[in-house]
Amino acid sequence: MSTSGFEQSGSSCDGGEKSQYDDHMGLTHECGVFGCISSGPWPSQLDVANVISLALVGLQHRGQESAGIVTGSGESDDTFNVHRGMGLVSNIYNADNLSKLNGNLGIGHTRYSTQGKSELQNCQPFVVDTMHGQIAVAHNGELVNKNKLREDILKWGIGLSSSSDSEVITQILCFPPKDGEPSGPDWLSRIKFLMQKTPLAYSLLLMNGNEIYALRDPYGNRPLCVGKLVSPSDNEVEGWVVSSESCVFHSLGANLHYEVGPGEIIKLTQNGISVLGQVPRPDQGSPALCIFEYVYFARPDSVLEGQMVYSARYRCGVQLAIEAPVEADVVSTVPESATPAAFGYAAQSELPFVEVLAKNRYIGRTFIQPSKRLRQLAVSKKFGPLRENLEGKRVVLVDDSIVRGNTMGPIVKMLRQGGAKEVHIRIASPPIRHPCYMGINIPTPKELIANSLSVDEIAKLFDADSLAYLSLTGLVNSVQSGIATKNKHNGCSSDKEEESSLSSNEKSAGCSEYGHCVACLNGKYPVNIDW
């Protein structure tokens, strides 16, 4: 691995540039992708654009800077309908512009950039013309070899109009296979070529003509799952959806049907879904789903690897109480992603869980503040102490992570001003010591507080009575002990024709495969990093 001399302010889901950081809320969100295709005869009665917009609201926690939707009728000469904008999904889409996004299939994206400019030209999905018509691409992750790929594309004589990794992906997909396409467009070969060019990190949706392709990088660093849209009146299948997280399915009337395995390529058509194959990892190593999907990113009601995220976080809290007990009166949390861990800690400690911080949900994220002082002052705008719950109490405060350490100090000060007798900080993940190159906004090593101060020194800096982190072994065991591997990939096909198109290997692909990327915790990356 080569990372010497590399300085970055953070990674991104698709390229960008931003060093401010929402420390007390945990790590910076990624991006979210979503696709929908209607079943049966077209034109469909299913309002595809509305389904996508509702889903993007459900994925809003993964990105709040911009959003986009692309739809199509599925006709061979179709021109896609596109509407993208800056800001929250609810501010971008209304009845008027959604009515212009009519179609039988579509994909959407909600974005948070950390290393590229937050501007309209970087909004996804990207749409380009190819020799086989238009394609639209939505991407979550960051290409670890993006600089080399950009150089290759420029050498091929192709210009790039944005700083987004997603445009790089789109341009590579435009290249025809080496053997040509004598029988028409061969998107499977194009996709495999892309996946062989870059090992990670991405969950990707590609829409072309009358079909949607969904794929994960061979290491499975970013999550992706498929759902079945069912009519509430007659239980008939209305369509198929694919999403970064399963948490959106319930609100759409969809059921989680299939978790896309590492390296798998899925095709969605009006007739159903099928697994087209699985691209192997270059080194035959283990899968590497980002473990912080469990710690922080994913919504607690999402299902990953057959288990609910909430349950994994709860077990982390239980293990944290086993590893770092302390005499106290109450257990509480920094709302909200650490709340399940706090419940687990309280249950194991046989202490009451009590809210000590009231959250103002209408205050903007503190990472966008331009200075350290403003980020710290923003804490008092976002939280207020619940004095009656604090007065004279020894409080265990559970949070999901500490990164720069800018805001935990002000939170402890707030609790003490509210009457807390003691404040013991417990973190439901290990110290973060290394940057991420796969799409997470983790600062340079020198900015990470765990690299400059000992645990006791950090506690003293925060004016906390004690501080303890969950061990790496404790985190990994808490996550992996609940993974349900059996039958995870059964029943992918929706009809006999597609069932017969799957080989026995493809049907069982990934059924017992799991593994997690913990590079930001131990510096061991899934692939060699050479920037």
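For this structure, a couple of remarks:
- FRET efficiency, K421 to S481 (Cβ-Cβ, R0 41 Å, nearest 0.05): 0.70
- Qualifying GluC sites (Glu not before Pro) in segment 203-240, DSSP loop, other Cβ atoms within 10 Å at most 13: E236
- Size of segment 168-300 from its Cα atoms: along the principal axes, largest to smallest, the extents are 49, 39, 23 Å.
- Segment 403-492: C-alpha gyration tensor shape, a/c 1.5 cut-off, then a/b vs b/c: prolate
- Residue-level accessible surface for K413, protein heavy atoms, 1.4 Å, Å²: 120 Å²
- Average accessible surface area per residue within segment 40-88, 1.4 Å rolling probe, Å²: 42 Å²
- Approximate spin-label separation N255-R387, in nm, with each point projected 7 Å along Cα-to-Cβ: 5.3 nm
- Three-way shape label, segment 144-210, alpha-carbon gyration tensor, a/c 1.5: prolate
- Ranking V455, V275 by solvent-accessible area of protein heavy atoms (1.4 Å probe, all protein chains present), from largest to smallest, gives V455, V275.
- Working note: Debye formula, equal point scatterers on the alpha-carbon atoms of segment 435-475, no solvent; log10 I(q)/I(0) at q = 0.15, 0.23, 0.26 Å⁻¹ is -0.49, -0.91, -0.96.
- Its relative contact order, with pairs defined as Cα atoms under 8 Å and 6+ residues apart, puts segment 394-473 at 37 percent.
- Theoretical gain in end-to-end length, D329 to D129 [0.36 nm per residue, Cα-Cα removed]: 65.7 nm
- Segment Y362-S76, length gained on full extension (0.36 nm per residue, minus Cα span): 98.4 nm
- Residue ranking by accessible heavy-atom surface, 1.4 Å probe, largest first, among R216, R111 comes out as R216, R111.
- Extension gain (nm, one decimal) between D301 and D456, 0.36 nm per residue minus Cα-Cα: 52.3 nm
- Rounded, prolate or oblate (a/c below 1.5 giving rounded, otherwise prolate when a/b exceeds b/c) for segment 42-148 by Cα gyration tensor: oblate
- Ligands, DNA and RNA left out, the 1.4 Å accessible surface of segment 156-227 is 48% carbon and sulfur atoms.
The values are calculated or read from the model by the stated rules, or taken from the named source; none is laboratory data. Small disclaimer: the values here were computed from a predicted structure and weren't measured. In this analysis, Cβ positions are derived from the backbone assuming ideal geometry, glycine residues included, and neighbour counts consider all displayed protein chains. Protein only, heavy atoms only, side chains kept; ligands, DNA and RNA dropped before computing areas. Shrake-Rupley method; radii C 1.70, N 1.55, O 1.52, S 1.80 Å.
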